[in-house]
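The values are calculated or read from the model by the stated rules, or taken from the named source; none is laboratory data. All of these numbers come straight from a predicted model, not from anything done at the bench. Using ideal geometry, Cβ is built from the backbone for each residue, glycine included, and neighbour counts are taken over all protein chains shown.
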Amino acid sequence: MGKEMFNSIKLKFISLFILILFLLFLPYIFSSSFALTLFCKMGVLIIFSVAYNMLLGQTGLLSFGHAIYFGLAGYASIHILAAINNSYLPSLPLVLLPFVGAIVGLILGVSIGYLSTKRLGTAFAMISLGFCELITALTLIFVVFFNGEDGIQADRVTGNDLFGLTYGPQSEVYYLILFWCIITVLIMYLLTKTPFGRMCNAVRDNQQRAEFIGYNVRKIRWIAFSLSATFAGAAGSLHAINYEHIGFESVSLVQSGMVLFMAYIGGIGNFLGPILGAISLTYLDTMLSDVTEAWVLYYGVIFVLVIAFAPQGISGIILMHSPILRNNPALLKKLITPYSIFLVSILLLTIGFTSIVELIHSIKSNHETLKFFWLSFNNKNILIWLALGLIMTSGVIASRKSFGLVKEKWNEVMEEIKLSLIK
Amino acid sequence: MNYHLELKNVKKSFGSTSIIRGVNLNIKKGEIHSLIGPNGAGKSTLYNLISGVYKPTTGTIKFNNKNIENLPSYEIYRLGLSRSFQITNIFPKMSVFENIRCGLLWSMGYHYSTYKILDKDKNLNMKTNEILEQISLSKFSKESAGLLSYADQRALEIGITIAGGAETILLDEPTAGMSKSETQRATKLISNIAKNRTILIVEHDMGVVFDLSDTISVLVYGEIICSDEPDKVKINKAVREAYLGD
Amino acid sequence: MSLEVLVFIIFNGLLYGMFLFMLSSGLTLIFGMMGILNFAHASFFMIGAYLGYQISENINFWIALIFAPMLVGIMGAMIEKYGLRNIHKYGHIAELLFTFGLFYIIEEMVQLIWGKTPVPYKVPEILNFPLIEISGMSYPAYSMFRLVISLLIFLAIYRVLAKTKTGLIIKASLTNPNMVAALGHNVPRVFSNVFGFGCALAGLAGVLAGNVIGTEPSMALLLGPIVFVVVVTGGLGSIKGALVASIIIGLIQTLTISMEYDLNSLINYLGFQIDINSTINHFTSLTLSQLSPIVPYILLIIVLIARPRGLFGKRDV
C-alpha cells in the first residue's frame, strides 16, 4: 500500500514536471501571435474558473456575481499601472501586480462574503446577482474611477522588471501568466487537500451533518467565498495586464455567466473540470466568433444540454468510468457501440441545427448563398431548408433514442459492478 | 446527584401546538438509555432540542453541568455530544474513507486549517482505518458513500457519529428499515461502541431496546411517563396502558 | 416642485409600477409554487414585445394583444414540460442554471431573427393622442389604456385565486407544495399551466410596453433583475405583495429619477462648501437621479439578507 501510494505520488510529480516543461516551450511550438493571445486568455480564464469552482463545485454555492472580484481587481491594477506610467507611484515589478489584485479580491470577498453567506441556495444566488448588477451600475455612475463605458487603459511596459523582462512582447506576458497560473492553480489544488477543503465538500454534500461534526458551516462558506474572490482577483489583475485595458463588461453579469459556463461545462464535480472547460470554451470562443455571429447561441445551447443531460460535465463523464476501470475494465467494451451510435446522432443534430441557424443568419444579412464547411448553399432554395429540417429532426429523434440506449447499457454495467462489490 | 445529561422542565411549541410539554430526563454517565414512545410522541423533537437544532421554549438542558440549551449544534458537538439521524445523513458524494475522516477532523485539532495536508498525517489516516474496521466498511473505503447499501450507509452514519471520540452519543432509530440479520449486526455494533460511552437511543424494535438498555424512558405526548430499569418498565402500569397497549 | 409636477410623477410611478406588476406577477406564482426562480422570465417579456411588433406589422395591434401572449404562454408551457421537468430531480440550483442558459438562448434567437438593432414597434394610431392635459403635462391615452389593462389583470388573478378550484390548488401549493401532490391532483399539469400562464402575463406586458420603452435584444437583460427585486420584495408567492412591491419600486424609481438633489446641496445647506475641483466633489455631486438605477439592487440585497420572506411572504426565499 505504502509503496503503491509513493509510486502514484511520484507519477503525479513526473507528469506535472513534463506538463510544465511543455507549457514553457509552448510559445516555440505555436509561435503565431494569434496562438499566443489565445494561450494568454486561456491562462487567465483557467485561474478564474478554478477559483469560481471553489465556490460552485467544492462548496455548492452558485454565484452570479463572481466577475465583481475579477473586474474590480482589474480596475485596481490598471489604476496602479497608470499611476506608474504617470510617475505618481514608483515602478513596481509587474510580476507582483496580481498580488495586489488578489488583496483587492480578498478585501471585497471578506466583506461581501460576510453578508451573502448568511443565505444559501437560491437566495445566495440572488444576492450575488444583486451585487453584480449593483457594481456594474456603479461602474457607470462613478465616472472618475471607472471612466464609464470606455473603461480605462494603461501601458504595461513600465521599465525593466525582474530578469530584464519588459512585457512589451506578448510572449513575455505569456510567461507571466503561466507563472501565476501554475502557482495559483497549485495552491488551489492543495487547498482541496486541507481540512478546510474537505469541509467545503462536506458542507456542500450535507450541511446538517457538517454541523454535527463540529463545524460552523457559515464560517466555512465565508472562508471559501473570500479565498475564491482572492484568486479571482489575481486572475482579474492578469486580465488587465494582458489587455492593458479594463471596461465595465468585465464586472458584469456577462463575465460572471462566462465563468459559470466554463466551470459547469467542464464539470464542477472535480478539480480538473473548470480547467478543461476554460481551455475548450476559450478555444471555441476564439474560433467560432470569427466564423459565425451566432456563437453565443451555440454556447447557450451547449450549456443547457449539459445541464439537462450531463450535469457532471465533460470531466465528470470521463471520471464516471473510473469505478469500471478500477473493478472490471473489460466491461468498457460493452459501452463502445452505444457510445458511437450516440455520437453519430449528436453529430447529425449538430449539423442540422447549426446549418439552419446559419441559413437564417445568411438571409438576415442579405447574402444569397451560405458557405458551410466546404459546401455552398443557396438560402432561397426550399429543398435545402427541407433537407436540413429533416437532418435536424432525425438528429433529435436519434439522439433521444440512443441516449436511452446509452443509459440502459450504462445501468447494466453499473449493476454488474455493484454486484461484484457486494461479493 | 449530578447527572451526565439533565433536562429540566423542557418545553417546546411550534406556533400554538406544543410538542414537548415539560420533559424531565436524567441520564447517568456510562449507561445505555433508551427512549421509547409511540409515533408523534416527540422523540425526534427532543433529540433536536438536546443537539441544538431547536431552542427550547422554556426549560434548561445541562450537559456535564453546563447549560447547552442556547448553544448552536457545532458547539454542543465540541463539548462531546454527538448524534446520528433517523434519515441517513452522510456525505453521499465523498468516499467512505473521507466521510469518516471528516468526522475526525475537529477532535484532532485541525479546525479550519487551510495549510495542513491531510494525506500526510499517518496518525489521522490510521485512526480513520481503525474506525472503518470497527464498523466493518474497510473494503469499501474508496467507494463513494452514496453507492453503499442502506444498512452499510447506516453503519457509516454511526461511524461518523463516533469518529470524533464524543463520550456521549444520541442514536436515532439506528435499526429502522433493516432486515433481521442487519439488525443483529447493528445491535452488535452499538453494544460494541457503548464501551466507555454514554448512549441515548431512540428505537422501535423492542427486542433491541430490552437487550441493550440499562434504563428506559417512555415518552408519550410530550411527557416522560416513566423512566426506570427495563424489568420495572415492563411491569409499569402506566406504560402498559399508554404504550404497550394492553 | 409644483403640485402638477408631483401629480405627473406619481402618475408615471403608478404606470411603471403596474407595468412591473404585470411583468413579475407571473414569476411570483411560478417561484412560489415550484421554487423555480425563472431567470428567463424577462426573456418571455421580450418575446412578447417582438411578437407584438411582428403581428402588429402584419395584421394589427389588437390581434397582437390577444395572440402574442398566448403564443408566449404556449412556449413557456412547452419549455416547462420538455425542459424544466426533466431537470427537477437535480434540484433548484440546476433549474436556475437551466433558465439562465435559456436566457442566453432566447436573447441570441431574437437577435438572429429580428437583428441587433431596435425594431420600430409603434403605439397604435387609435390610442396615440394625449388624453388629458393639465398645465402643460400631457397624459397619453395609451398610458391610460395600459394602466386599465394591468388593473384588470390584477383583479382577474385575484378573483381566480380566491374563487375557483384551480385557484384553490394554486394557493394550496403556494403554501405547501408537497401536500397538493399527496392530495392526488395532477401537479405536473398544474405546474405547466401556471408556468405557461406566468409567461403569457410577461408576454402581455411585452406587447403593451415594447412600443413605449423600445423593443430591442437587451431589454430582457435590463429588466430581468428588477423582476427579481419585485418577486423577492413582495414575498414568495404573494400576488398582493407583488402589487405593493411593484408600486413602491415604481414610485421610488420615478421619484428619484426626477430629483436633481445631490450631497453638495445638503452640505451647502449646512453651511459648508465642497471645492468643485477636488476629488470628493465627484462623489458628492452625484444627484439622486444619477443614483436611481442602483436603488432596486440595494433593495434586493437588503431584503434577502434581512427579511428573506419579503413583505407578505409566508416562507423564506
Evaluate segment B:54-63: report whether one residue or more is surrounded by fewer than 17 Cβ atoms within 10 Å (Cβ to Cβ), touching a Pro at 6+ places or on another chain (Cβ under 8 Å) and of a type in the set (Ser, Thr, Tyr).
no
Considering C:Leu174, C:Leu97, which residue is at pLDDT 80 or above and closer than 23 Å to C:Gly76 by Cα?
C:Leu97
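Determine whether C:Ile267 is surrounded by fewer than 19 Cβ atoms within 10 Å (Cβ to Cβ) and away from chain A (no Cβ under 13 Å). Please lay out each step first, then the result.
Numbers: surrounded by fewer than 19 Cβ atoms within 10 Å (Cβ to Cβ): yes; away from chain A (no Cβ under 13 Å): yes.
It is true that C:Ile267 is surrounded by fewer than 19 Cβ atoms within 10 Å (Cβ to Cβ) and away from chain A (no Cβ under 13 Å).
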Just to verify a result, which residue in segment A:200-227, among those that are closer than 13 Å to A:Gly109 by Cα and crowded, with 24+ Cβ neighbours inside 10 Å, is nearest to the other protein chains (Cβ to nearest Cβ)?
A:Leu227
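Table: residues versus (1) in contact with a helix residue (DSSP H, G or I) (Cβ under 7 Å, 6 or more places away or on another chain); (2) crowded, with 20+ Cβ neighbours inside 10 Å; (3) polar (S, T, N, Q).
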{"position": "C:Thr215", "(1), (2), (3)": "yes, yes, yes"}
{"position": "C:Ile226", "(1), (2), (3)": "yes, yes, no"}
{"position": "C:Gly235", "(1), (2), (3)": "yes, yes, no"}
{"position": "C:Lys240", "(1), (2), (3)": "no, no, no"}
{"position": "C:Leu243", "(1), (2), (3)": "yes, yes, no"}
{"position": "C:Phe272", "(1), (2), (3)": "no, no, no"}
{"position": "C:Thr284", "(1), (2), (3)": "yes, no, yes"}
{"position": "C:Ser289", "(1), (2), (3)": "yes, no, yes"}
May I ask you to list the residues in segment A:301-316 that are facing chain C (nearest Cβ under 7 Å) and part of a helix (DSSP H, G or I)?
A:Val301, A:Phe303, A:Val304, A:Ile307, A:Ala308
Checking A:Leu45 against (1) over 18 Å from the mean Cα position of the chain (by Cα); (2) of a type in the set (A, V, I, L, M, F, W, C); (3) buried (at least 18 other Cβ atoms within 10 Å of the Cβ), the condition it does not meet:
(1)
Do we find that C:Leu255 is over 14 Å from C:Tyr16 (Cα atoms) and aliphatic (A, V, I, L, M) in this structure?
no
Looking across segment C:236-277 at residues that are in contact (Cβ under 8 Å) with a residue 60 or more places away in the chain and among the hydroxyl-bearing types (Ser, Thr, Tyr), the single one that is farthest from C:Phe31 (Cα to Cα) is C:Ser258
Is at least one residue of segment B:84-91 more than 20 Å from A:Phe212 (Cα to Cα), more than 8 Å from chain A (Cβ to nearest Cβ), without any contact (Cβ under 8 Å) to a residue 60 or more places away in the chain and within 20 Å of the chain's Cα centre (by Cα)?
no
Subset of segment B:192-226 (residues that are surrounded by fewer than 18 Cβ atoms within 10 Å (Cβ to Cβ), in contact (Cβ under 8 Å) with a residue 60 or more places away in the chain and not in a loop (DSSP other than H, G, I, E, B)):
B:Met206, B:Glu223
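Pick from B:Ile162, B:Ile131: which is surrounded by 20 or more Cβ atoms within 10 Å (Cβ to Cβ), within 12 Å of chain A (Cβ to nearest Cβ) and either outside any loop (DSSP other than H, G, I, E, B) or on the phi > 0 side of the Ramachandran plot (or both)?
On the way: B:Ile131 fails: within 12 Å of chain A (Cβ to nearest Cβ).
On inspection, the qualifying residue turns out to be B:Ile162.
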Considering segment A:89-119 alone, what residues qualify as being in contact with a helix residue (DSSP H, G or I) (Cβ under 7 Å, 6 or more places away or on another chain) and within 14 Å of chain C (Cβ to nearest Cβ)?
A:Ile112, A:Gly113, A:Tyr114, A:Leu115, A:Ser116, A:Thr117, A:Lys118, A:Arg119
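Among the candidates A:Ile318, A:Ile346, single out the residue that is in contact with a Ser or Thr (Cβ under 7 Å, 6 or more places away or on another chain), at pLDDT 85 or above and under 24 Å from A:Ile268 (Cα atoms). So that I can check it myself, show each step before the final result.
Numbers: A:Ile318 fails: in contact with a Ser or Thr (Cβ under 7 Å, 6 or more places away or on another chain).
That would be A:Ile346, the only listed residue that is in contact with a Ser or Thr (Cβ under 7 Å, 6 or more places away or on another chain), at pLDDT 85 or above and under 24 Å from A:Ile268 (Cα atoms).
Which residues, taken from segment B:101-119, are among the hydrophobic types (A, V, I, L, M, F, W, C), within 7 Å of chain A (Cβ to nearest Cβ) and surrounded by 15 or more Cβ atoms within 10 Å (Cβ to Cβ)? Write out each step before concluding.
Going residue by residue through segment B:101-119, those that are among the hydrophobic types (A, V, I, L, M, F, W, C) are B:102, B:104-106, B:108, B:117-118.
Add one more test, that the residue is within 7 Å of chain A (Cβ to nearest Cβ), and what stays is B:102, B:105-106, B:117-118.
B:Cys102, B:Leu105, B:Trp106, B:Leu118 - these are the residues of segment B:101-119 that are among the hydrophobic types (A, V, I, L, M, F, W, C), within 7 Å of chain A (Cβ to nearest Cβ) and surrounded by 15 or more Cβ atoms within 10 Å (Cβ to Cβ).
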Residues in segment A:61-77: is at least one over 18 Å from A:Ile177 (Cα atoms) and in contact with a Lys or Arg (Cβ under 7 Å, 6 or more places away or on another chain)?
yes
I'd like to check something: does segment A:348-358 contain any residue that is of a type outside the set (D, E, K, R), within 14 Å of another protein chain (Cβ to nearest Cβ) and without any contact (Cβ under 8 Å) to a residue 24 or more places away in the chain?
no
Can you tell me how many residues in segment A:105-164 are buried (at least 20 other Cβ atoms within 10 Å of the Cβ), outside any helix (DSSP H, G or I) and without any contact (Cβ under 8 Å) to a residue 60 or more places away in the chain?
1
Scan the helices (runs of 4 or more DSSP H) fully inside segment C:154-215 and keep the ones with 3 or more residues being more than 30 Å from C:Asn128 (Cα to Cα) and without any contact (Cβ under 8 Å) to a residue 24 or more places away in the chain.
C:165-175, C:177-182
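Among the residues of segment A:129-141, which ones are more than 7 Å from chain C (Cβ to nearest Cβ) and out of contact with any Leu (no Cβ under 8 Å at 6 or more places or on another chain)?
Kept after step one, since they are more than 7 Å from chain C (Cβ to nearest Cβ), are these residues of segment A:129-141: A:132, A:135-136, A:139-140.
Within segment A:129-141, A:Thr139, A:Leu140 meet the criteria.
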Criterion violated by A:Glu172 - all others in (1) under 23 Å from B:Ile117 (Cα atoms); (2) more than 11 Å from chain B (Cβ to nearest Cβ); (3) surrounded by fewer than 21 Cβ atoms within 10 Å (Cβ to Cβ) satisfied
(1)
Condition first: crowded, with 21+ Cβ neighbours inside 10 Å, among the hydroxyl-bearing types (Ser, Thr, Tyr) and either more than 9 Å from chain A (Cβ to nearest Cβ) or assigned to a loop (DSSP other than H, G, I, E, B) (or both). Now tell me which residues in segment C:100-140 satisfy that.
C:Tyr121
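What about B:Lys142, is it free of Cβ contacts under 8 Å to residues at least 40 places away in the same chain, out of contact with any Lys or Arg (no Cβ under 7 Å at 6 or more places or on another chain) and in a loop (DSSP other than H, G, I, E, B)? Can you show your working first?
Numbers: free of Cβ contacts under 8 Å to residues at least 40 places away in the same chain: no; out of contact with any Lys or Arg (no Cβ under 7 Å at 6 or more places or on another chain): yes; in a loop (DSSP other than H, G, I, E, B): yes.
No; evaluated as a whole, the condition is false for this residue.
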Any chance C:Leu37 is outside any loop (DSSP other than H, G, I, E, B) and either within 14 Å of another protein chain (Cβ to nearest Cβ) or within 30 Å of C:Leu251 (Cβ to Cβ) (or both)
no
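How many residues does segment A:36-88 contain that are among the hydroxyl-bearing types (Ser, Thr, Tyr), farther than 23 Å from C:Ala94 by Cα and within 14 Å of chain C (Cβ to nearest Cβ)?
Start the filter on segment A:36-88 by keeping residues that are among the hydroxyl-bearing types (Ser, Thr, Tyr), which leaves A:37, A:49, A:52, A:59, A:63, A:69, A:75, A:77, A:87-88.
Going one step further and asking which of them are farther than 23 Å from C:Ala94 by Cα, we end up with A:37, A:69, A:75, A:77, A:87-88.
So of that shortlist, the ones also within 14 Å of chain C (Cβ to nearest Cβ) come out as A:88.
Going through segment A:36-88 one residue at a time, the tally reaches 1.
Does any residue of segment A:371-381 turn out to be over 21 Å from C:Leu102 (Cα atoms), part of a loop (DSSP other than H, G, I, E, B) and under 29 Å from the mean Cα position of the chain (by Cα)? Spell out how you get there, then give the answer.
Initially, segment A:371-381 is screened for residues over 21 Å from C:Leu102 (Cα atoms), giving A:371-381.
When the remaining residues are screened for being part of a loop (DSSP other than H, G, I, E, B), the result is A:373-374, A:379-381.
Still in the running and under 29 Å from the mean Cα position of the chain (by Cα): A:373.
Yes, segment A:371-381 contains at least one residue that is over 21 Å from C:Leu102 (Cα atoms), part of a loop (DSSP other than H, G, I, E, B) and under 29 Å from the mean Cα position of the chain (by Cα).
Where in segment A:185-289 are the helices (runs of 4 or more DSSP H), entirely inside, with at least 3 residues that are under 15 Å from the mean Cα position of the chain (by Cα) and not assigned by TED's automatic domain parsing to the domain that holds A:Thr139? Walk me through how you get there before you give the answer.
Details: elements: A:195-205, A:207-211, A:217-243, A:253-266.
Of the helices (runs of 4 or more DSSP H) lying wholly inside segment A:185-289, those with at least 3 residues that are under 15 Å from the mean Cα position of the chain (by Cα) and not assigned by TED's automatic domain parsing to the domain that holds A:Thr139 span A:253-266.
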